[in-house]
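Nothing in this text is a laboratory measurement; each read-out follows from the coordinates by a stated rule. These numbers were taken from a predicted model, which means no experiment stands behind them. So basically every Cβ, Gly included, is an ideal-geometry build from the backbone, and we count neighbours across all protein chains shown.
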Amino acid sequence: MHRERTDSMSSSSVYFTASQGASSPNDGETSEGGYSTAYAESDYTDRETDREEGDREPEQESEEEEEEDKSCATVLTLRQEDSQEEEVDEEDRVEEEEEEEQEGMTRLEVVTEVPSGELALLLAQTDILHTGDASLKAEGFRLLLANKAQYGDSREFLWRLARAYRDMYESTNDKQEKRSYAEQGREEAEIALRKNGLNAECHKWFAVLTGLASQYESMHGKLKSSHILKEHLDRAIALRDDDPLCFYLLGRWCYEVANLGWLEKKAAAALYEQPPASSLHDALENFLKAEELSPGFSKTVRLYIAKCHKELGNISEARNWTALALKMPTTANDDDTTSNLEVQLRVLTDKANDQLFSTGDQ
């Protein structure tokens, strides 16, 4: 704690001098030596007084010097104490900064913690099953559920469980089952996020399952979920900018916002001071980024690229991308919209073929 310094006040020296009265020739009796008795007594008294005062003055000066020395010593002591306290404060500040740095390093170590032992083997196994067909994905889902009681506190375990719920959502056609998988998966992803907010996978799968669960909500619920989805996609991309799925999903978000109807725009304006806004150009940019990161990532990505070009009036580009998409098999990265897009865009290639045949006949 800083102590206010006070300036020392040394006592000022005070000197006493005897005042000699004015002599008068008529005062007193005359002694034998020709001096007035009164004057003699007065002179004697004055001389004695002067001697006493002369003796006292060195003593007084000595005492005052001692007081000044004490005052200086007090000031010096106070300054030393202040200096020591400042040094202690500085040391405390440095120690606090070191503790904060250590805490930051600890937090970073927690974020980058790598599972080991049986958990690591379990997660590796589920990662492999996730890349398989529907039956293998279902096996991975059951494996995660069976081990949830033991590893449910692990962040790495939880986001994989959320991903498995999404796999199960894609594997069924039952609407109630789809809704259940989407909502439960979103809950698991949210728990994973609370445990690790600096993990791109946690943000990504929370965004994915939020989007799936929003399909069963009201219009206002969908708009709120859309806002949440965008927020977590942005965070996932900020943490990891090489995931094609995130850019594909962001492209979908941009495309849907660009095509909001009048009623949806009014509802969004009522919910937010700055309602979501995007364009077909934004959507196309994100779809192209997904394709750039992983060429042939999915048929759906190429179909959306073709659709954006078509709506922007780039018919030639739309036909080229449609042709590229139709050459690809449907994969796990495709979703329910793929078949609808194929029907919409196949017309472009059919018209191109008709024109080609017509030119050949001529």
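Near Gly185: Cβ cut-off under 10 Å, other residues only, Lys/Arg at +1 and Asp/Glu at -1. The net charge is -2. Given R0 = 22 Å, the distance between the Cβ atoms of Ser294 and Glu170 translates into a calculated FRET efficiency of 0.70.
Estimated from the Cβ-Cβ distance and a Förster radius of 22 angstrom, the FRET efficiency linking Lys266 and Thr337 is about 0.30. Simple spin-label estimate for Lys327 and Lys195 gives 4.4 nm between the two label positions (7 Å along the Cα-to-Cβ direction from each Cα).
A full extension of the chain between Asp242 and Ile128 corresponds to an added length of 39.0 nm, given 0.36 nm per residue minus the alpha carbon distance. A full extension of the chain between Gln344 and Arg142 corresponds to an added length of 69.0 nm, given 0.36 nm per residue minus the alpha carbon distance. Note on Ser135 and Leu312: the model spin-label points, each 7 Å out from Cα along the C-beta direction, lie 4.4 nm apart. Scalar couplings 3J(HN,Hα) for the stretch 294-300, obtained by applying the Karplus form with A = 6.51, B = -1.76, C = 1.60 to θ = phi - 60°, are 8, x, x, 3, 7, 4, 4 Hz; x denotes Gly and Pro.
Classify the stretch 181-259: rounded, prolate or oblate, from the alpha-carbon gyration tensor (a ≥ b ≥ c, eigenvalue square roots; a/c under 1.5 rounded; otherwise prolate if a/b is larger than b/c)? Taking the square roots of the gyration eigenvalues as a ≥ b ≥ c, the stretch 181-259 is oblate. Once you sort the root eigenvalues of the Cα gyration tensor of the stretch 120-222 as a ≥ b ≥ c, which label holds: rounded (a/c under 1.5), prolate (a/b larger than b/c) or oblate (the other case)? Note, shape of the stretch 120-222 comes out oblate.
Could you tell me which of the pairs Lys148/Lys299; Lys178/Lys230; Lys230/Lys327; Lys289/Lys310; Lys175/Lys327; Lys266/Lys299 are separated by over 26 angstrom between their Cα atoms in the structure shown?
Details: Lys148/Lys299 34 Å; Lys178/Lys230 22 Å; Lys230/Lys327 31 Å; Lys289/Lys310 18 Å; Lys175/Lys327 30 Å; Lys266/Lys299 34 Å.
Over 26 Å Cα-Cα: Lys148/Lys299; Lys230/Lys327; Lys175/Lys327; Lys266/Lys299.
Summing charges over all other residues whose Cβ lies under 12 Å from the Cβ of Phe247, with Lys and Arg as +1 and Asp and Glu as -1, gives -4.
The phi torsions of the stretch 263-279, fed into the Karplus equation with coefficients 6.51, -1.76 and 1.60 and a -60° offset, translate into couplings of 5, 5, 5, 5, 5, 5, 5, 6, 7, 10, 5, 10, x, x, 9, 7, 9 Hz, rounded to whole numbers, with Gly and Pro shown as x.
Applying the Karplus relation 6.51 cos²θ - 1.76 cosθ + 1.60 with θ = phi - 60° to the stretch 309-314 yields 3J(HN,Hα) values of 4, 4, 6, 8, x, 8 Hz, where x marks Gly and Pro.
Arranged from fewest to most other beta-carbon atoms within 10 Å of their beta carbon, Lys148, Lys175, Lys230 become Lys175, Lys148, Lys230.
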